[in-house]
Amino acid sequence: MSPQSSLVLLEFNELTPALMDRFIAEGSLPNFARLRAKSEVFVSDAEEHEPYLEPWIQWVTVHTGVPFSEHGIEHLSEGHKLLYINLWDLVSQQGHSVWICGSMNANRESGTTGYLLPDPWSADIEPHPEALLPYFRFVQRNVQEYTNDRVPLSKSDYLRFIWFMLTHGLSPNTAVSILRQLISEKRTGTGRWRRAFILEKLQFDVFSAVFRRTQPAFSTFFLNSTAHMQHLYWRYLEPERFTLPLDRKKQLEYESSILEGYRAMDQLLGRMLTLVGEDAIVILATALSQQPCLRFEEAGGKRSYRPKDFVQLLRFAEITCPCRVEPVMSEQFWLRFDNASDATSAERKLAALKVGQERAIYTERNDSAVFASCSIHHSLADDATLQIENSDRSAPFFDLFYAPEGGKSGMHHPEGILWIRHPARTHNVHQDRVPLLALAPTILDVLGIARPAHMCGESLFRNPTGRPADTKIAPHPQRRSA
């Protein structure tokens with residue numbers, strides 16, 4: 001037996017309440033305005049601070065109803081380590097089908113009924129069913145190397161992807177958008193950053209095809225492009241808030257990028273509302289948001305640097321033992337080795353990489369894996385040199401690394417958008433912030449499923465503060481099997 005209404009959780013990562021209000025007031029977001037007018041409107045609070053204010057942490061909190069201090073998932077591509085059960089597994093245990101589309105750090109229980117498309121940074125979770133694999137691999141490589149001009153895809157990869165899309169919902173809208181984007185790039189030599197919006201149209205087409213076929217009781221739909229635009233291009237949206245002078249050419253190209261991101265999501269939202277129908281429960285959540293990043297202005301703005309080619313970087317660092325490389329967001333990547341001894345050796349060799357007296361690579365070893373990132377966040381001279389400490393070995397830094405366009409001018413903020421459109425269609429704007437921990441029990445409550453004892457929050461429809469009197473977390477028996 002299915003719930004009376006299906007529930008769709010729209011995970012529009014890091015959209016910012018202030019910008020949403022601004023763009024709606026300007027008349028730029030008609031579909032967001034329409035959804036808000038029929039929703040209970042909250043502002044969520046992630047209740048975390050740096051360095052634990054990250055989407056790959058907060059979305060796990062949304063999906064499990066427990067804080068980072070309990071679920072312990074700190075990095076991308078760690079969903080397979082999660083010990084607490086996810087919302088969709090609980091829904092499936094009640095006999096309902098689910099469709100999890102792109103949710104960050106997701107996994108699934110072996111008996112869960114439905115579809116799972118992992119986020120493109122996942123390396124240890126496979127799509128289910130396997131038929132989603134050609135799409136997943138194509139998007140994964142594009143997203144992981146989005147800022148790199150050299151995306152590692154072959155002609156056969158493209159052919160498999162095209163065939164998948166032709167048989168899994170490719171819409172005329174998306175096909176026309178792809179052609180227009182490629183023609184525009186060829187004609188102007190700019191605008192490659194808009195490809196992120198095309199990928200999300202493809203994601204919607206796949207979501208739509210599966211949703212129509214399976215009619216799931218619970219589904220999620222994750223989008224990240226606008227979060228990326230905010231991180232890179234906030235200074236072009238509000239240059240008056242920053243102190244560094246802007247290049248006029250870049251200003252003209254990027255000043256509309258964030259608004260374009262919100263508009264692209266608004267258009268997809270309109271298509272989503274048509275797809276799921278008026279009877280569906282729709283929840284829009286952003287988990288956290290962003291704000292201008294001003295703390296690095298005196299140092300010339302915050303920069304990030306990514307390896308151009310991981311094989312070349314590892315060869316330069318003299319790391320010869322077999323390993324698997326998994327790029328994740330921004331400058332971060334995982335190196336996975338066969339054993340802890342190899343990982344320890346690699347961590348030591350990466351730590352020896354220097355630019356002048358400055359360590360070039362941050363590392364964090366976890367058993368046989370090394371989590372790493374470039375630890376330099378200021379501008380470097382074009383002739384900067386990467387060298388190995390206590391060695392004559394060196395190379396031009398920018399032969400091995402590149403700086404994504406734009407630097408970083410947006411940073412995380414704990415507040416997030418939380419709108420709930422339920423069948424009553426009541427509209428209330430709640431002034432008090434509510435804990436992000438309240439979202440999971442609220443979703444279960446709406447679906448008529450009892451809140452497990454391990455969840456720290458309470459349904460917002462039972463307690464508008466979202467905070468139960470007893471917040472003690474249940475012990476091990478409430479967890480998934482390791």
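The values are calculated or read from the model by the stated rules, or taken from the named source; none is laboratory data. These figures come from a predicted structure and were not determined experimentally. Here Cβ is always computed from backbone atoms with ideal geometry, including for glycine, and neighbour counts include all displayed protein chains.
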Hits in the range 316-354 - residues which are in contact with a Pro (Cβ under 9 Å, 6 or more places away or on another chain), assigned to a loop (DSSP other than H, G, I, E, B) and either buried (at least 21 other Cβ atoms within 10 Å of the Cβ) or among the aromatic types (Phe, Trp, Tyr) (or both): MET329, GLU331
The listed residue being closer than 14 Å to LEU199 by Cβ and of a type in the set (Gly, Ala, Ser), out of SER110, SER177, SER184: SER177
Some residue of the range 302-318 being more than 30 Å from ALA384 (Cβ to Cβ) and modelled with pLDDT of 90 or more: no
Complete set of residues in the range 413-434 that are closer than 25 Å to TYR236 by Cα and in contact with a Pro (Cβ under 8 Å, 6 or more places away or on another chain): GLU415, GLY416, ILE417
Matching residues, the range 167-209, being in a helix (DSSP H, G or I) and under 20 Å from VAL276 (Cβ atoms): ASN173, THR174, GLU200, LYS201, LEU202, GLN203, PHE204, ASP205, VAL206, PHE207, SER208, ALA209
Residues of the range 323-370 satisfying the condition of being of a type in the set (S, T, N, Q) and in contact with a strand residue (DSSP E or B) (Cβ under 8 Å, 6 or more places away or on another chain): SER330, GLN332, THR344, THR363, SER368
Unmet requirement for ASP149, which otherwise passes all of (1) modelled with pLDDT of 95 or more; (2) not in a helix (DSSP H, G or I): (1)
Residue tally, condition of a type outside the set (A, V, I, L, M, F, W, C), surrounded by fewer than 19 Cβ atoms within 10 Å (Cβ to Cβ) and over 17 Å from the mean Cα position of the chain (by Cα), over the range 412-428: 6
Some residue of the range 434-444 being surrounded by fewer than 19 Cβ atoms within 10 Å (Cβ to Cβ) and of a type outside the set (A, V, I, L, M, F, W, C): no
Checklist (1) closer than 27 Å to ASN142 by Cα; (2) modelled with pLDDT of 90 or more; (3) part of a loop (DSSP other than H, G, I, E, B); (4) of a type outside the set (Phe, Trp, Tyr) applied to SER373, failing item: (3)
Residues satisfying the stated conditions in the range 382-404, i.e. in contact with a helix residue (DSSP H, G or I) (Cβ under 9 Å, 6 or more places away or on another chain) and outside any strand (DSSP E or B): ASP382, ASP383, ALA384, GLU389, ARG393, ASP399, LEU400, PRO404
Selected residue [outside the structural domain of GLU331 (by TED's automatic domain parsing) and within 20 Å of GLU415 (Cβ to Cβ)] from GLU260, GLU255, GLU238: GLU238
Of all residues making up the range 281-303, the number that are closer than 25 Å to PHE397 by Cα and either crowded, with 22+ Cβ neighbours inside 10 Å or in contact with a helix residue (DSSP H, G or I) (Cβ under 8 Å, 6 or more places away or on another chain) (or both): 1
Residues of the range 43-98 satisfying the condition of being at positive phi and in contact with a Gly (Cβ under 8 Å, 6 or more places away or on another chain): GLY65
Leading residue by the ranking (farthest from VAL98 (Cα to Cα)) among those in the range 251-280 that are in a helix (DSSP H, G or I) and without any contact (Cβ under 8 Å) to a residue 12 or more places away in the chain: LEU252
Positions within the range 103-116 being under 19 Å from THR286 (Cα atoms) and touching a strand residue (DSSP E or B) at 6+ places or on another chain (Cβ under 7 Å), in sequence order: SER103, MET104, ALA106
Every residue from the range 39-66 that is within 24 Å of SER110 (Cα to Cα) and over 18 Å from the mean Cα position of the chain (by Cα): GLY65, VAL66
Failed criterion for PHE164 (all others in (1) outside any strand (DSSP E or B); (2) surrounded by 16 or more Cβ atoms within 10 Å (Cβ to Cβ); (3) touching a residue at least 40 places away in the same chain (Cβ under 8 Å) hold): (3)
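Per-residue answers, yes or no, for (1) of a type in the set (Phe, Trp, Tyr); (2) touching a residue at least 12 places away in the same chain (Cβ under 8 Å); (3) in the same structural domain as THR61 (by TED's automatic domain parsing); (4) more than 30 Å from GLU11 (Cα to Cα):
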position	(1), (2), (3), (4)
ARG348	no, no, no, yes
ILE361	no, yes, no, yes
ALA369	no, yes, no, no
GLN387	no, yes, no, yes
SER394	no, no, no, yes
GLY416	no, yes, yes, no
ARG421	no, yes, yes, no
ALA424	no, no, yes, no
Spans of helices (runs of 4 or more DSSP H) in the range 1-117 with at least 2 residues touching a Cys at 6+ places or on another chain (Cβ under 7 Å) and crowded, with 21+ Cβ neighbours inside 10 Å: none
Looking only at the range 238-250, and only at residues there that are closer than 18 Å to LEU294 by Cβ and without any contact (Cβ under 8 Å) to a residue 40 or more places away in the chain, the one that is surrounded by the fewest Cβ atoms within 10 Å (Cβ to Cβ): GLU240
